[in-house]
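Only one structure is covered here, and it is reproduced in the block below.
The values are calculated or read from the model by the stated rules, or taken from the named source; none is laboratory data. In this text the structure is predicted, and so the values were computed from the model without any measurement. Because the Cβ atoms are built from the backbone with ideal geometry, glycine has one as well, and the counts that use them run over all protein chains shown.
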Amino acid sequence: MILLEEAQKIVNEVPVRTKTETVPLDKAGERILAQDIISPINMPPFNKSAMDGYAVISGDPSERFKVIETIPAGKFPQKKVHQGECAKVMTGGIVPDEADRVIMREMTEEKNGYILVTGRETNKNICTAGEDIKKGDKILAKGIKIRPQEVGVIASMGLNKVTVYIKPRVGLVSTGSELVPPGERISQSQIYDSNSYSLSAQIKRAGVRLVDRRMVLDDPDKIKKTVRDLMERCDVLLVSGGVSMGDFDYVPYVLKKLGFTLHFEKVAIKPGKPTVFGTKGSQTVFGVPGNPVSTFVVFELFIRPFLLRLMGYAYEPLHISGVLKESIQRTKTGRAFFIPVEYREGFIKKLPYHGSAHMHALTLANALLCIPKGVKELRQGKKVHVRQI
């Protein structure tokens with residue numbers, strides 16, 4: 001059994017090969033950028049008015065200004081502004097070169113083709129060319145996730161395509177002769193398969209491609225055939241169940257028979273101790289425990305970061321600090337212990353939690369609290385960090 005930090009180091013140091021593709025911008029959301037975005041233009045591309053008003057020359061002592069033209073957004077100025085003159089300009093419209101100030105419409109009174117300034121206005125109210133971004137600036141660096149705001153910035157550059165990292169292909173196998181798909185009848189000795197559904201949701205939330213999902217009995221030959229079939233089409237395989245020390249836990253044995261090198265088979269964490277990680281060339285396999293909370297926690301600790309690294313994304317989970325509303329104790333301290341908690345307004349609340357089969361506890365939680373190895377108690381009022389989920 002190895003420590004959590006050692007296991008994470010092993011997973012993080014496995015070499016990965018990323019691939020790229022070019023996609024239309026409207027298909028790039030939530031993908032990982034595989035190129036630096038260099039601005040081909042200034043933003044804004046011209047001096048534009050920050051509001052509806054009148055463009056004038058600063059320092060013009062005139063008492064009133066003749067309106068020589070109206071400039072809506074999208075129209076180029078047709079006349080030059082001289083002293084005693086102004087151009088009515090709409091928000092986003094081009095400010096004539098000669099003008100260097102826009103008087104807010106609310107500060108004026110227009111009558112018979114002239115305006116009088118009726119209020120005190122000191123701001124220039126002009127967004128100057130290149131104020132936000134200059135031509136040649138690197139506005140986005142490769143390796144970031146493309147959120148809606150990044151899509152908007154790329155579009156504002158006039159770019160309609162972008163190069164992103166290709167999503168890894170993931171296969172999922174749920175093992176267990178006791179498992180029955182939701183929607184079917186079960187006997188007293190059976191349970192519904194929840195792991196493949198929760199793992200599928202986590203895979204999709206990570207933004208990768210779920211190629212296939214299978215359910216297989218606790219039979220080494222059937223497990224071997226299923227794993228071999230899926231690995232022909234997948235970069236990463238997740239196998240749920242069959243990884244512990246029971247008489248019917250065949251997964252580590254099968255993986256070794258198929259030529260995988262298993263880098264670890266047990267990790268000093270709770271839940272999730274019988275976690276398996278193996279590689280075969282460029283292919284990777286994770287074996288996760290059958291208990292649903294264990295599966296969820298192991299995915300967050302190991303699998304999500306690895307899948308995102310395959311897409312060129314250096315994932316760092318969000319850790320937030322808070323104060324414990326009550327003390328938390330445990331009797332055994334040999335492993336790092338992750339428990340579901342609720343974080344709210346700077347405080348961390350312990351939730352009812354009955355162990356690694358208690359999936360419902362996760363539905364009430366928005367974070368995981370880690371009690372480090374060797375620590376028996378975290379006292380009420382202690383400031384701790386939790387991992388958002």
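List every residue pair whose Cβ atoms lie under 6 Å apart, where the two residues are 6 or more positions apart in sequence or sit on different chains, the first residue falls within segment 165-187 and is under 30 Å from Arg31 (Cα atoms), and the second residue, located anywhere, is surrounded by 12 or more Cβ atoms within 10 Å (Cβ to Cβ) and among the basic types (Lys, Arg). That search, which allows pairs on different chains as well, returns Ile166/Lys19; Lys167/Arg209; Arg169/Arg209; Leu172/Arg213; Val173/Arg214.
Listed by first and then second residue, the pairs linking a residue in segment 217-241 that is surrounded by fewer than 18 Cβ atoms within 10 Å (Cβ to Cβ) to a residue that is assigned to a helix (DSSP H, G or I) and among the hydroxyl-bearing types (Ser, Thr, Tyr), with Cβ atoms under 7 Å apart and 6 or more places separating them unless they lie on different chains, are Pro220/Tyr253. Ile320 meets all of the listed conditions (1) touching a strand residue (DSSP E or B) at 6+ places or on another chain (Cβ under 8 Å); (2) crowded, with 20+ Cβ neighbours inside 10 Å; (3) among the aliphatic types (A, V, I, L, M) but one, namely (2). Could you go through segment 46-59 and let me know if any residue there is in contact with a Leu (Cβ under 9 Å, 6 or more places away or on another chain), in contact (Cβ under 8 Å) with a residue 12 or more places away in the chain and more than 30 Å from Met311 (Cα to Cα). Among the residues of segment 46-59, not one is in contact with a Leu (Cβ under 9 Å, 6 or more places away or on another chain), in contact (Cβ under 8 Å) with a residue 12 or more places away in the chain and more than 30 Å from Met311 (Cα to Cα), which makes the answer no.
For Ser177, indicate whether it is more than 26 Å from Ile389 (Cα to Cα), at pLDDT below 95 and of a type in the set (Ser, Thr, Tyr). Yes. A single member of Ile339, Ile328 is surrounded by 14 or more Cβ atoms within 10 Å (Cβ to Cβ) and in contact with a helix residue (DSSP H, G or I) (Cβ under 9 Å, 6 or more places away or on another chain), and it is Ile339.
When each of Ile68, Ile94, Ile103, Ile37 is tested for being under 30 Å from Pro305 (Cα atoms) and among the β-branched types (Val, Ile, Thr), the lone residue that passes is Ile37. Among the residues of segment 47-61, the one identified as among the small types (Gly, Ala, Ser), exposed (fewer than 15 other Cβ atoms within 10 Å of the Cβ) and within 12 Å of Glu85 (Cα to Cα) is Ser58.
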